[in-house]
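So the structure is just underneath, and the comments pick up after that.
The values are calculated or read from the model by the stated rules, or taken from the named source; none is laboratory data. As the structure is a computational prediction, the values presented were derived from the model and not from experiment. For neighbour counting, all protein chains shown are included, and Cβ atoms are generated from backbone atoms with ideal geometry for every residue, glycine included. For accessibility, only protein heavy atoms count, side chains too; no ligands or nucleic acids. Shrake-Rupley method; radii C 1.70, N 1.55, O 1.52, S 1.80 Å.
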Amino acid sequence: MTMNLNNLVNFKDKKAYYAKLVKDGAGVDEQANAYDDMMNALQNDMVAEINTQVDTKLSTFEANRRVDPKITNEEIKFFNDISTDVGSKNEIVLPETTVNEIFDDLVTQHPLFAALNLKTTGLRLKILKSDTKGAVVWGKIFDEIKGQLDQAFTEEKADQNKVTAFVVVPNDALEYGAAWLKQFVVTQITEAFAVGLEQAFLTGDGNQKPIGLNRNVAKDAPVTGGVYQEKKSAGTITLADSKTTSSEMGGIVRALSKKENGKPVVAQGNTVLVVTPGASIDFSAASMIQNVNGQWVFSLPFGVQIVESEFVPEGKVIAFVKGRYDAYTAGGVSIKQFDQTLAMEDMQLFTAKQFAYGKAKDNNAALVFDFKPTSPAKDFKNPDATSATPDPKRSAR
């Protein structure tokens, strides 16, 4: 069972503000405070959501299964143990079924991860690359084999990095029973990991984190202190009119239709453009037509797909080909009670960690473009809206 993220409105606002600070290059302390605000909002929204759905506190196996029909006996025992033994300082690994649920939620609730074909694997990870060479040779049925397809295999070192998140559990939530506690913990871990992974897979500099799609991974590209340089712009997307839009989409697909070594890749139907939230409207407006039935139909040419992310830099579009970026999470998810003194009352704080890896298969797997729409969609403003700013009474962590 997954919590409905559409109901977590305060969390969504704080997440948008945190993403803005990251893109604007705000100071470390300011980003940390905004991250804390975001996770505090997630926690408060979840408590409110749970309180609207439960009338009594549940503890029996049967009651837990009414809340979450998929919960296993192992999970019920695990989360009941957490609620009754929160003082444990030992690191414990979440049940495999819970880890699988976290991974499934990451992929289904975040379109970018589905487009990247995010995979989960064991702790050890090796990346094998190959380039086919050779050709088939025709002959009579009983002739000797005259040709073979050779594969030139190379093995790439895959350094995984640890991603850590905080899980805050109010003491009151411990009394709701295993099913609700599982939902509380899984939602926090999923969303915290999603923020970190999405940012890293798109713009990570490679220094103790994945190497993002917007980074130069050419064989001769300079890497200083583990940091990969950002890609230069491959051009400008204007969406000036339908003909221009078609030409620009075709140019992007064509540019991505070969590997760094010049060998061809099927990019048509597999190209994804990652844009800032709202920018997808400009693409829709440029490619939308009205059919004979009066219905508005949107379809970008060449099978190009649009995905939104708050971590795409403003005025940029990141284009990549499906299957040309290695995105992995590895190992189980372990949690441990956070044993440092914090200014928090009536709450239990845990750390959750997992390992992750991300890197493009070569430097032509992704391209970065400037985005300057000639005729952007009309920009209306809500006169009653307030900007998403940090809560001055933010709880200290």
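Tell me which residues come under 5 Å, amide H to amide H, from Val167 once H is placed; ignore anything under 5 positions away on its chain.
For Val167, the qualifying residues are Phe350, Thr351, Ala352.
Using heavy-atom solvent-accessible surface (probe 1.4 Å) with all chains present, what is the largest-first order of Glu74, Glu310? Could the numbers behind the result be given before it?
Details: Glu74 115, Glu310 45 Å².
The most accessible residue leads, giving Glu74, Glu310.
Let me make sure I get this right: for region 159-210, a, b and c are the square roots of the gyration tensor eigenvalues over alpha carbons, sorted descending. Under 1.5 in a/c it's rounded, otherwise prolate if a/b > b/c, else oblate. Which is it? Present the calculation step by step, with values, prior to reporting the outcome.
Working: a/c = 3.78, a/b = 3.22, b/c = 1.17.
The shape class here is prolate.
Under a 5 Å amide H to amide H cut-off, with H placed in plane at 1.01 Å, what residues pair with Thr121 once short-range neighbours are removed?
The list, which skips near neighbours in sequence, is Thr329, Ala330, Gly331.
Residue-wise, which Karplus ³J(HN,Hα) couplings in Hz belong to region 257-270, taking 6.51 cos²θ - 1.76 cosθ + 1.60, θ = phi - 60°, and x for glycine or proline?
In residue order, the calculated couplings are 7, 8, 6, 4, 8, x, 6, x, 9, 7, 9, 5, x, 10 Hz.
Please report the Cα spread of region 213-368 along all three principal axes, rounded to whole Å, starting with the longest.
Extents along the principal axes: 64, 46, 26 Å.
Apply 1/(1 + (r/R0)^6) to the Cβ-Cβ distance of Gln109 and Asp220, taking R0 = 35 Å, and write down the FRET efficiency to the nearest 0.05.
Working: r = 39 Å, r/R0 = 1.10.
The value I calculate is 0.35.
Using label points projected 7 Å from each Cα along Cα→Cβ, tell me how many nm separate Lys70 and Asp172, to one decimal.
The modelled label-to-label distance comes out at 2.9 nm.
Is region 255-346 best put as rounded, prolate or oblate by its Cα gyration tensor, with a ≥ b ≥ c the root eigenvalues, rounded for a/c under 1.5, and otherwise prolate when a/b is larger than b/c, oblate when not? Walk me through the intermediate numbers first.
Details: a/c = 2.98, a/b = 1.61, b/c = 1.86.
The shape class here is oblate.
Quick check on packing: order 104-115, 38-49 by the mean number of other C-beta atoms within 10 Å, highest mean leading.
Values: 104-115: 18.2, 38-49: 20.2.
Highest-to-lowest ranking by the protection proxy: 38-49, 104-115.
Would you pull out the residues with amide H under 5 Å of Val275's amide H, same chain only if 5 or more places away, H placed 1.01 Å from N?
For Val275, the qualifying residues are Val307, Glu308, Ser309.
Using a 7 Å offset from the Cα along the Cα-to-Cβ direction at both Met347 and Glu96, what is the distance between the two label points in nm, to one decimal?
3.4
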